[in-house]
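Undergrad: Please find one structure pasted underneath; my questions will follow.
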Amino acid sequence: MGTKPIKKLVITVVAVLLVVVLGIGGYLQLYKPSQRDILSDTRKPLPASQQEMLPVTPVSQLPEPYRTRFSDALHDAVHAIKPDHHVIQEQMYVKYFGYSWALVRKLSGEYLHRDFGYSETADATAQVDGEGVDYIFWQGGWLRRQFDDRIVMAVGLATMLLPDTGTMIFGYFVMRPA
């Protein structure tokens with residue numbers, strides 16, 4: 001048996017192993033994260049362990065008049081800023097006594113990058129119905145977007161909907177193109 005068939009066999013085995021490794025890596029790094037919920041109860045941008053750093057109350061736990069007004073204000077902002085997308089998941093919070101947008105950005109960005117490979121693609125302010133709205137977008141890079149077209153949008157309003165002028169309402173919205 002000559003060395004030519006052995007070289008062909010080695011090259012074939014190496015090529016097959018390379019394809020298998022790339023396939024498994026692609027599945028684990030690209031496809032599998034695209035199938036997970038971003039805002040599930042066990043994994044979310046603001047985990048319970050970090051809520052001590054940013055004490056918040058879920059909007060769903062507020063009395064009805066506030067719950068509706070806060071939810072409507074956040075939804076209006078989302079639809080005004082990103083009208084070509086629809087919301088598939090959401091979580092909304094109220095933070096009393098101070099506006100902490102930088103902390104929202106830091107905690108959320110770490111989670112989204114670590115668990116989903118998302119990067120911040122926009123960090124801006126807009127005017128919606130006379131209210132200043134802070135917002136951030138996160139999404140995957142070009143290759144990840146081939147498997148996962150979702151974006152995550154955080155929206156924050158320093159609002160005076162309550163008599164307390166230090167109230168911050170904010171939410172996370174997972175969205176897909178309409």
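The values are calculated or read from the model by the stated rules, or taken from the named source; none is laboratory data. Predicted model only: the values in this text are computed from it and were never measured. So basically every Cβ, Gly included, is an ideal-geometry build from the backbone, and we count neighbours across all protein chains shown.
Undergrad: What single numbered condition from (1) in contact (Cβ under 8 Å) with a residue 12 or more places away in the chain; (2) surrounded by fewer than 13 Cβ atoms within 10 Å (Cβ to Cβ) fails to hold for TRP142?
TA: Every listed condition holds for TRP142 apart from (1).
Undergrad: Now for a different question. For segment 73-120, name all the residues that are part of a strand (DSSP E or B) and touching a residue at least 24 places away in the same chain (Cβ under 8 Å). Don't jump to the end; show me each part of the working.
TA: Kept after step one, since they are part of a strand (DSSP E or B), are these residues of segment 73-120: 85-95, 119-120.
Result: HIS85, HIS86, VAL87, ILE88, GLN89, GLU90, GLN91, MET92, TYR93, VAL94, LYS95.
Undergrad: So, of the residues in segment 60-72 that are of a type outside the set (A, V, I, L, M, F, W, C) and touching a residue at least 24 places away in the same chain (Cβ under 8 Å), which turns out to be nearest to TYR172 (Cα to Cα)? Before the answer, list the steps.
TA: Quick first cut of segment 60-72, residues of a type outside the set (A, V, I, L, M, F, W, C) only: 60-61, 63-69, 71-72.
In the following step, the residues that additionally are touching a residue at least 24 places away in the same chain (Cβ under 8 Å) were identified as 60, 66, 69.
Numbers: SER60: 14, TYR66: 18, ARG69: 17 Å.
Result: SER60.
Undergrad: Just for segment 1-59: of the residues that are assigned to a loop (DSSP other than H, G, I, E, B) and of a type in the set (D, E, K, R), which one is modelled with the highest pLDDT? So that I can check it myself, show each step before the final result.
TA: If we filter segment 1-59 for residues that are assigned to a loop (DSSP other than H, G, I, E, B), which is where we start, we get 1-2, 35-47, 51-56.
Going one step further and asking which of them are of a type in the set (D, E, K, R), we end up with 36-37, 41, 43-44, 52.
Values: ARG36: 76, ASP37: 81, ASP41: 51, ARG43: 52, LYS44: 57, GLU52: 58.
Here the answer is ASP37.
Undergrad: Further question: Among the residues of segment 131-157, write down those that are small (Gly, Ala, Ser) and part of a strand (DSSP E or B). Break it down into steps so the answer makes sense when it comes.
TA: Applying the first criterion (small (Gly, Ala, Ser)) to segment 131-157 yields 132, 140-141, 154, 156.
Once the filter is applied, which keeps residues that are small (Gly, Ala, Ser) and part of a strand (DSSP E or B), segment 131-157 yields GLY132, ALA154, GLY156.
Undergrad: Suppose the filter is over 17 Å from VAL152 (Cβ atoms) and at pLDDT 85 or above; does PHE70 pass it?
TA: Working: over 17 Å from VAL152 (Cβ atoms): yes; at pLDDT 85 or above: yes.
Spelling it out, PHE70 is indeed over 17 Å from VAL152 (Cβ atoms) and at pLDDT 85 or above.
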